[in-house]
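Each value in this text was obtained by applying a stated rule to the coordinates, not by laboratory testing. Computed from a prediction, not measured in an experiment: that's the story for all the values here. Cβ placement follows ideal geometry from the backbone for every residue including glycine, while neighbour counts extend to all protein chains displayed.
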Amino acid sequence: MKNRNKLILVLFIGFVGLQFFRPEKIDHGTKAQNLTNVPKEVNAILRSSCFDCHSSETNLRWYDKITPANFLVTSHIKEARGVLNFSKWDSWPKAQQNSTIYYAINKVLSGEMPLPSYAAVHSSAKLSQEQIQTLKNYALSIAPRKVSDDSQIKEAEKQYNSWVNGELKKPHVKDAPNGIHYFPDYRNWKAISTTDRFDNGTMRIIFGNDIAVKAIQEHKVNPWPDGAVFAKTVWKQQMETNGNISSGEFLAVEFMIKDAEKYSKTKGWGWARWKGSDLKPYGGDIPNFEQECIECHTPVADRDYVFTPPLYLISQLKKINAK
Ligand code: HEC
Ligand code: HEC
């Protein structure tokens, strides 16, 4: 036998031998139902592009079943189901369904999902511009964005002014049920991001204290240093007849306080929320209310549970890119 053929034979035997090594079995077969109350065309897109990894039903092609590809596919599926499993849709409250759709569509718009390495091989998972538009239209259709009446707008303006002037800075705000104190001065922190949650008709501003801002400047954000604190304010959106969107009623402010040791039981963060302009502590009658926060922040566990990507100054980006 010529040497080259020998090599091919050896490789082939090796490849066949490899097939005896299989990744651990995961459930592929449980049929995933369509998402309740979601239009057919949106279900069809999610099914063809996302369900393979993000539901109990996977549709493996023959080339996905060959070792070593199957190890990669199995680990993707396990990881993907861990962060988002559409088969659990019916068990989620409406607000979580809407926020999941919103977050999922953002991942598509940013090009992160479906995983590019997967879409390259599985052309049916790739999304067309038309399909992306269908997803966007759906997200907009579930947004409760209605024109507000004049008195609502005036009332919100009054409230906003008193927030700016510090009148909402109550002298005696009650502690959160887990003992966390309110931070009256967060309005003076740096705003590090804003988000427009069209899925539930709110807008948010996220502030960071000095330690958080310094960590951003020094590019030391994963994990965040002890002492970093984020505040997120949530306002209702209101729409004027000319289509302008502005902040309406003040709904809540919530905090994440980093202290790896003190808060080791809650992923290294202290969690607290105060609701309404009377700043009522949230969670009093909910046992371990922090679990609610943690559960929803789990998709970003690998970013130390923080959603907001820090914005960098152009000068910093140049330095990072030059490395
Ligand atoms: C090949 C498997 C695969 C496919 C197909 C896929 N995903 Fe993912 N997805 C993953 C994996 C793995 C993760 C976790 C790791 C990560 O965030 O990169 C993930 C994470 C996510 C997250 C959480 C992201 C984060 O940063 O926390 C969302 C939301 C998501 N996917 C949405 C989608 C949507 C919507 C689709 C369909 C358009 C889709 N995915 C298709 C594998 C997949
Ligand atoms: C329904 C899902 C959900 C729940 C429940 C939730 N969060 Fe968040 N949280 C988010 C999302 C999404 C963001 C990103 C900013 C945005 O879009 O509003 C965020 C951002 C934040 C931020 C700004 C820092 C960051 O991660 O970007 C703080 C602070 C915060 N949440 C605190 C809390 C606290 C405290 C609770 C529980 C009382 C809580 N969250 C519960 C989804 C959730």
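Which of LYS220/LYS280; LYS220/LYS258; LYS88/LYS262; LYS107/LYS258; LYS31/LYS126 have a Cα-Cα distance over 24 Å? Violating the 24 Å limit, Cα to Cα: LYS220/LYS280; LYS88/LYS262; LYS107/LYS258. Residues SER75, SER117, SER247, SER55, arranged from fewest to most other Cβ atoms within 10 angstrom of their Cβ, appear as SER117, SER75, SER247, SER55.
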